[in-house]
1. What number goes with the only condition from (1) over 26 Å from residue B:145 (Cβ atoms); (2) crowded, with 21+ Cβ neighbours inside 10 Å; (3) free of Cβ contacts under 8 Å to residues at least 60 places away in the same chain that residue B:48 does not pass?
2. With respect to residue A:10, is the statement that it is touching a residue at least 24 places away in the same chain (Cβ under 8 Å), part of a helix (DSSP H, G or I) and more than 9 Å from chain B (Cβ to nearest Cβ) true?
3. Select from segment A:92-116 the residues that are assigned to a strand (DSSP E or B) and out of contact with any helix residue (DSSP H, G or I) (no Cβ under 8 Å at 6 or more places or on another chain) and write down the one among them that is farthest from the other protein chains (Cβ to nearest Cβ).
4. Return the residue satisfying two criteria in turn: it lies in segment B:169-208 and is in contact with a helix residue (DSSP H, G or I) (Cβ under 8 Å, 6 or more places away or on another chain) and in a loop (DSSP other than H, G, I, E, B), and of such residues it is surrounded by the most Cβ atoms within 10 Å (Cβ to Cβ).
5. Residue check, residue B:145 against (1) crowded, with 19+ Cβ neighbours inside 10 Å; (2) part of a loop (DSSP other than H, G, I, E, B), all met but one. Which one?
6. Quickly run through segment A:87-125 and pick out the residues that are surrounded by 21 or more Cβ atoms within 10 Å (Cβ to Cβ), farther than 26 Å from residue B:65 by Cα and within 15 Å of the chain's Cα centre (by Cα).
7. How many residues, within segment B:73-86, are more than 7 Å from every other protein chain (Cβ to nearest Cβ) and surrounded by fewer than 24 Cβ atoms within 10 Å (Cβ to Cβ)?
8. For segment A:165-193, enumerate the residues that are closer than 18 Å to residue A:234 by Cα and in contact with a strand residue (DSSP E or B) (Cβ under 7 Å, 6 or more places away or on another chain).
């Protein structure tokens, strides 16, 4: 029986309960040879100011392979429609039959990016980290707070900064209403200088987090840079870091946070461990409480596969 | 309201009524600049002896763009399952919202290839063609008889040949039971020498139709060669042809029927008109009843878009 779920159906499922193990495995699959991830497909609709990405792949051993269709229609907001949309399709890796069609409208991607960031943050931050700085006021700023709070072993306090101060305040009050401890901090330098971990989620094309603001022992998860030309951290901050982990080395070197440093010859990507290697213990991560650590995350199709796996596990649990 | 249709649903719709215009337009879109067809995506599942092709594209002016997922699981027949499977997804070119999910299991591809072949055959054969030779006994051999009969303006008689003589006889009796005039011909040379048009549908990797068998005035539609290494027509037959039309020039030169001749330097692909240019009158096709003409068809994603357009038109008609 084929599974067909709408966004509302998906939101009612206990996906988060399965997502952490799945997304952690998605990182490891990149480094242990299980991931088969062909190049991303791309269709541009010039006249509509729109595009569509098709990401697909298989993690060896999984029951399904996954095709994700993600569209961006950038004139939609003017009409009161979200610009992002999409769906995921799970196909049996045994027979080729369609197992599930998930009309998630991009929500599963938000979810997997949330858990992906939280797993990276917890893998590299100091164990006694309690104060988390959130840079940005968008969807991922929210998702990072939700995912980190869900998987951290202790309560966290968040402070947030946004370019639009009013929006940052609204963000803090909305997240507080959701039950989290979140306060807006109007000064980005103060925010960064007093945090145990900093999570950057902006589409900035120029460095906004300066090296001198960040104290020893801080971890930074940089999520914003996912396309050529984007950068959130100053190059000097990368120089100060003891560990710069990447989700996918080639992808990060090409268009992640480290891309500018790599292009300038200031950073050798082979010196950047992939996060999966840290998670499975084959490479060290943070080795001292005084180190600055960085995680550069660009998003990988194994995470799409993993979140679909988690969704199907949740369907199975809900139906038994 | 999103449309979701199974194969059974699709088979009940009057798709054929809309398919001819749509598939004809699919050929023309290739030559008039409306087609936006990125490279085909490919995922290989080595351990399963399986693969998956993802074809997608947009014809400017259409309400939807289309993503087709087509899998081949080559161990399936051993278990009584078809090796081919797949689905098509129509997405609004205006908003990015999913309009329709068609779980056609590959049937729409068979249908579009059928009409695609029939349109090419009728565009290039002599007007008085009545006797059609079918080479091969597979799915497309059947589809060509159905589609040609549906759109020809007069009754046709078919004779068929297959490598497996018993299977060819079964083919003829089954197609006769469907209401067509079909007789098996055990000798391929005789078949080819007495036909007005020849349609080749085999996966042959070596020429099986010889130049000396074919009389002046014959048209040949070559459907079998759709991947490197496949060839059905002898090179001398290509030399004798006055017109060699191709569905997509670059694709045919790379892995269609003409690929061997092109690779050997015997044929300049720029001398091969694209079928869409013949259909829209911008280039001549057959100009004399004594000419031998050839159509080399490899299949193009515009046809997938077109058959989805036809299916959606049929849905609309069925619901009014």
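1. Tallying (1) over 26 Å from residue B:145 (Cβ atoms); (2) crowded, with 21+ Cβ neighbours inside 10 Å; (3) free of Cβ contacts under 8 Å to residues at least 60 places away in the same chain, residue B:48 fails exactly one: (2).
2. Spelling it out, residue A:10 is indeed touching a residue at least 24 places away in the same chain (Cβ under 8 Å), part of a helix (DSSP H, G or I) and more than 9 Å from chain B (Cβ to nearest Cβ).
3. Per the stated criteria, the residue is A:92.
4. B:201
5. Answer for residue B:145: the failing condition is (2).
6. Of everything in segment A:87-125, those that are surrounded by 21 or more Cβ atoms within 10 Å (Cβ to Cβ), farther than 26 Å from residue B:65 by Cα and within 15 Å of the chain's Cα centre (by Cα) turn out to be A:111, A:112, A:113, A:114, A:115, A:116, A:117, A:118, A:119, A:120, A:121, A:124.
7. Matching residues across segment B:73-86 total 9.
8. Correct list: A:188, A:191, A:192.
The values are calculated or read from the model by the stated rules, or taken from the named source; none is laboratory data. Here the structure is a predicted model, which means the values were calculated and not measured. As a convention, Cβ positions derive from the backbone with ideal geometry for all residues, glycine included, and neighbour counts pool all protein chains shown.
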